[in-house]
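J.: Please read through the structure below; I'll follow up with questions.
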Amino acid sequence: MTILQARGVVRSYGQTPALRGVSLDVHEGEILAVTGPSGCGKSTLLHCLAGIMRPQEGEIHYRGQRIDTGSESVRSKLRRTEFGVLFQFGQLVMELTAAENVALPLLLAGTGRREARTAALTWLDRVGVADVADNRPGQMSGGQQQRCALARALVTEPRVLFADEPTGALDTLTGEQVLGQLVRVTHEQRTTVVLVTHEPRVAGYADRELTMRDGVLDETEAGIAVPSGRHGR
Ligand code: ADP
Ligand code: ADP
């Protein structure tokens, strides 16, 4: 079943085209990797799919609902309740402990302190870093920080996790451990994952891989049924 669908998505930065008509279907429960060289448009695609950035042309549908044209309040609610994001650098709040960082999205959503703390500890345990729950990021290794960021991205139990070069800042071995954890925990929770990376090795962890070049996806791989008419290119 398709959970997220893009059709003919176009996005430029001034004169620089980043996406030149991208169509894809993300299937519920899969880990989809989008790979390609630096600058080919992967981050832009991820930002558009996650409702962080609006495309200039095309359509994005999430569970049958058009989201690229939705009001900012609708999009922001979607980002808070249905989507989780993980970036290259975990972007943890340096002044907070691991548990406080992970609890943050729940507190912002109105969950009580005690319940948020319990959930945070559960998630830190799930990703294998329960032992650093009361450490601040400065007292954690890169891998521990990224696992903590993963726990924070998943604590709200999103249906879709968007990951942008999630291991880009880690050494190979640590990166593989974090990825292994990401795959295990998202499959366990049946979370759909869209992962963008320029590292072929990372894409090896995905269920399916699409390649991007100069703002377009290889559509022979995308396997989408492009209806005739306005959705086509
Ligand atoms: P990737 O994630 O594959 O490295 P990006 O989506 O980051 O690709 O970038 C696609 C293209 O858009 C590149 O040419 C990049 O330089 C350009 N670009 C991305 N972000 C911006 C921005 N904020 N302002 C101007 N150009 C940008
Ligand atoms: P990624 O590693 O995800 O591809 P980049 O390192 O390309 O990201 O970009 C990091 C940030 O810089 C992003 O916010 C992106 O929008 C911005 N950016 C990328 N390329 C350019 C550009 N040519 N001009 C201005 N901003 C850019």
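J.: How do 40-46, 201-207 rank on mean C-beta neighbours within 10 Å, highest first?
T.: So the order, starting with the most tightly packed, is 40-46, 201-207.
J.: Length gain on complete extension for the stretch Val74 to Arg184, per 0.36 nm per residue less the alpha carbon to alpha carbon distance?
T.: Between Val74 and Arg184, full extension yields an extra 36.5 nm.
J.: What does the charge add up to near Asp68, with Lys and Arg as +1, Asp and Glu as -1, over the other residues with Cβ less than 11 Å from its Cβ?
T.: Local charge sum for Asp68: +3.
J.: Amide H to amide H, which residues 5 or more places from Ile31 or on other chains are under 5 Å from it, using H placed in the peptide plane?
T.: Long-range HN contacts for Ile31: Val193, Asp207, Arg208.
J.: By how many nm would the segment from Asp131 to Glu199 grow when fully extended, if each residue of separation counts as 0.36 nm and the alpha-carbon distance is taken off?
T.: Stretched fully, the Asp131-Glu199 segment lengthens by 21.5 nm.
J.: Still on this structure: Size of the dipole of the chain about the Cα centre, Lys and Arg at +1 and Asp and Glu at -1 on the beta carbon, nothing else charged, in debye to 20?
T.: I would put it at about 660 debye.
J.: Got a sec to turn the phi values of region 172-178 into Karplus ³J(HN,Hα) couplings, 6.51 cos²θ - 1.76 cosθ + 1.60 with θ = phi - 60°, whole Hz, x for Gly and Pro?
T.: Listing the rounded values in order: 4, 5, 4, x, 5, 5, 5 Hz.
J.: Within the set of other residues whose C-beta is less than 12 Å from the C-beta of Leu86, count the net charge using Lys and Arg as +1 and Asp and Glu as -1.
T.: That works out to 0.
Every number here is computed from the coordinates shown, using simple stated rules; none is lab data. All of these numbers come straight from a predicted model, not from anything done at the bench. All Cβ positions, glycine included, derive from the backbone under ideal geometry; neighbour counts span all protein chains shown.
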